[in-house]
1. With respect to Thr18, determine if the residue is loosely packed, with under 15 Cβ neighbours inside 10 Å and among the hydroxyl-bearing types (Ser, Thr, Tyr).
2. Looking only at region 45-73, filter to residues that are hydrophobic (A, V, I, L, M, F, W, C) and exposed (fewer than 14 other Cβ atoms within 10 Å of the Cβ); which one of those is nearest to the chain's Cα centre (by Cα)?
3. In region 31-44, which residue that is open to solvent by 40 Å² or more (accessible area, probe 1.4 Å) and within 11 Å of the chain's Cα centre (by Cα) is nearest to Thr8 (Cα to Cα)?
4. Among residues belonging to region 4-15 that are out of contact with any His (no Cβ under 9 Å at 6 or more places or on another chain) and exposed (fewer than 15 other Cβ atoms within 10 Å of the Cβ), point out the one that is nearest to Val72 (Cα to Cα).
Amino acid sequence: PVTNIRFTLAEEQSVSLTVYNLSGQLVQTLVDGKKIAGTHSIQWNASSSASGVYFYRLQAGDRSVTQKMILVK
């Protein structure tokens, strides 16, 4: 139950990458800090999480993206 979340930054920015469950509760913060320009791959190890629907939220500068993930064990 491991997945990689990939993103690309055009310039160095402050980045926050968090995972939430279906109820909107914070499950884990994967990144919280500055990242250099380029492509990044962040690993989420969900071995301690239950099967179900999760969302990750990537905030970089003034942009924000939320995507759905389904965890099946």
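The values are calculated or read from the model by the stated rules, or taken from the named source; none is laboratory data. Because the structure is predicted, anything quoted here is derived from the model rather than measured. With ideal geometry, Cβ positions are generated from the backbone for all residues, glycine too; neighbour counts draw on all protein chains shown. In case anyone asks, the SASA skips ligands and DNA or RNA and just uses the protein heavy atoms, side chains included. Shrake-Rupley method; radii C 1.70, N 1.55, O 1.52, S 1.80 Å.
1. no
2. Val65
3. Among those that are open to solvent by 40 Å² or more (accessible area, probe 1.4 Å) and within 11 Å of the chain's Cα centre (by Cα), it is Ser41.
4. Asn4
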